[in-house]
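The values are calculated or read from the model by the stated rules, or taken from the named source; none is laboratory data. Everything quoted here is computed from the prediction, not taken from an experiment. Here the Cβ positions follow ideal geometry from the backbone for every residue, glycine too, while neighbour counts run over all protein chains shown. Quick note on the areas: whole protein, heavy atoms, side chains included, nothing else; ligands and nucleic acids left out. Shrake-Rupley method; radii C 1.70, N 1.55, O 1.52, S 1.80 Å.
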Amino acid sequence: MSSDLRKPPAYWFSDQPPPLFSRLLSGLYAGAVALRAALYQRGVLRRVRVAAPVIVVGNLIAGGSGKTPLVIALVERLRDAGWTPGVATRGYGRDDASQPLWVARDTDPAMGGDEPVLIARRTGAKVRADNDRAAAAQALIAAGCDVVVCDDGLQHYRLQRDIEVEVVDGRRRYGNGRLLPAGPLREPVARAARCDFHVLNLAADDEDGNSHTQPGFGEWPMRVGTDRAVPMLGGRAQPLSALAGQRVHAVAGIGDPQRFFASLRAHGIAVVPHGFADHHRYEAADFQFGSDLPVLMTEKDAVKCIPFAGERYYSVPAQAELPEAFWIGLLDRLPARATTA
């Protein structure tokens with residue numbers, strides 16, 4: 001049984017006109033956003049500069065657009081370049097968001113948030129969850145990190161940043177172009193012009209050549225590759241191609257579940273889709289599908305389902321792939337890494 005508790009309204013990503021009440025509220029929201037931005041620009045609200053470079057990875061729309069795979073890839077690239085990166089995050093959906101928390105690979109996702117736990121497991125980097133991202137960045141630096149990657153902090157202006165990376169969903173883009181709640185935008189589209197890099201998360205079905213899924217001027221293409229299934233109870237991973245022609249239950253509680261389903265179909269897998277709301281908290285009852293097929297899910301979902309996973313439950317890791325020129329350009333924007341004698 002799928003959950004629609006946080007499913008975005010249909011008019012966000014269609015030509016359907018938003019209800020009048022949402023348009024009225026959108027106008028109020030626009031005023032609040034503009035006022036807040038002006039207060040920061042004029043110095044009425046103060047920004048915090050920390051003692052290390054800060055890279056913010058974010059997006060303009062509410063919900064997922066592919067930030068987590070990019071954050072993971074960015075942490076790995078920074079480490080390869082000799083940096084000691086740490087990740088600052090709010091940790092959306094945590095049980096006690098008022099309390100800062102160090103998130104480790106074995107942290108309960110209910111306490112640390114599904115995405116922070118996934119980042120900690122995949123990278124081994126220090127991850128700090130805190131509503132105050134400036135405080136999170138300071139804690140990371142005190143713990144030995146020399147560069148801070150801020151996950152989903154584009155609108156957290158209090159933390160001064162050196163590089164902003166906007167991630168755009170290649171399939172949904174900016175939706176109907178309206179601000180919340182009439183549309184999915186947290187800020188006006190014009191805000192994107194102030195970002196240093198624009199990454200377009202291409203969908204698995206981009207081969208049709210549709211113009212809305214192709215990179216525009218100044219956009220870097222990102223493909224999120226999925227090529228293997230990892231048994232959640234342990235064991236050897238198998239290539240997704242080994243499941244070609246088979247029926248599977250596919251589970252996705254992410255911003256755009258169709259993206260995951262399409263990635264599996266691209267490997268010739270017959271998908272029985274089960275879409276859940278982003279950050280859905282799973283229970284064993286959610287997996288009573290009525291047939292004993294393999295169950296494939298995203299890594300973000302898998303970190304929450306290990307306690308009741310069965311032998312036929314698989315996690316499908318995602319790997320962000322970007323042009324080498326993107327990484328060269330981003331690393332060149334960072335100041336020289338501090339060295340000690």
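Observations on the structure shown:
- Pairwise centroid distance, computed over Cα atoms, of the stretch 289-334 with the stretch 214-244, Å: 7 Å
- Separation between Cα centres of the stretch 255-279 and the stretch 162-206, rounded to whole Å: 21 Å
- Net charge contributed by nearby residues that have their C-beta within less than 12 Å of A229 (K/R +1, D/E -1): +1
- Theoretical ellipticity at 222 nm over the chain - DSSP helices of four or more residues, -39500 (n - 2.57) apiece, nearest 500: -7500 deg cm²/dmol
- The slack in the chain from A266 to M111, taken as 0.36 nm per residue of separation less the alpha-carbon distance, amounts to 52.3 nm.
- For the stretch 164-177, backbone phi angles converted through the Karplus equation (6.51, -1.76, 1.60; θ = phi - 60°) give residue-by-residue couplings of 10, 10, 8, 10, 10, 5, x, 8, 9, 6, 9, x, 7, x Hz, Gly and Pro being listed as x.
- D_trans [Stokes-Einstein, Kirkwood Rh over alpha-carbon pairs] for the chain, 37 °C, 0.692 mPa s, µm² s⁻¹: 157 µm²/s
- Total charge dipole magnitude, the chain, about the Cα centre, Cβ charges on Lys, Arg, Asp, Glu only, Debye to nearest 20: 920 debye
- When the alpha carbon gyration tensor of the stretch 213-294 is reduced to an equivalent ellipsoid, the three semi-axes, largest first, read 25, 18, 13 Å.
- Sequence-separation-based contact order of the chain, relative, with Cα cut under 8 Å and 6+ spacing, percent: 20 percent
- Annotation for the stretch 190-299: trypsin sites (Lys or Arg not before Pro) lying in DSSP loop with at most 13 further Cβ atoms inside 10 Å of their Cβ are R236.
- Evaluated at q = 0.24 Å⁻¹, a Debye calculation over the C-alpha positions of the stretch 77-174 (equal weights, vacuum) places log10 I(q)/I(0) at -1.30.
- Largest first and in whole Å, the equivalent-ellipsoid semi-axes of the stretch 219-260 read 22, 14, 12, each the square root of five times a Cα gyration tensor eigenvalue.
- Taking the chain as a Gaussian network of alpha-carbon nodes connected by springs under 10 Å, the highest mean-square fluctuation of the residues F197, F260, F217 belongs to F217.
- For the stretch 236-288, relative contact order (Cα pairs under 8 Å, six or more residues apart, normalised by length) works out to 41 percent.
- In nm, spacing of pseudo-spin labels at I306 and Q160 (7 Å Cα→C-beta vector): 3.9 nm
- Carbon + sulfur, % of accessible area of the stretch 277-341 - ligands and nucleic acids excluded, 1.4 Å: 50 percent
- Normalised Debye scattering of the stretch 1-95 at q = 0.19 Å⁻¹ gives log10 I(q)/I(0) of -1.20, counting only Cα atoms as equal scatterers and leaving out solvent.
- Neighbour net charge for V54 - beta-carbon separation under 10 angstrom, K R +1, D E -1: +1
- Cα-based Rg and Dmax for the stretch 24-75, where Dmax is the largest Cα-Cα distance (Å): 15.2, 42
- The alpha-carbon of K304 sits under 19 angstrom from the alpha-carbons of these aspartates and glutamates, leaving out residues fewer than 8 places away in its chain: D4, D95, D96, D106, D108, D114, E115, D256, D278, E283, D286.
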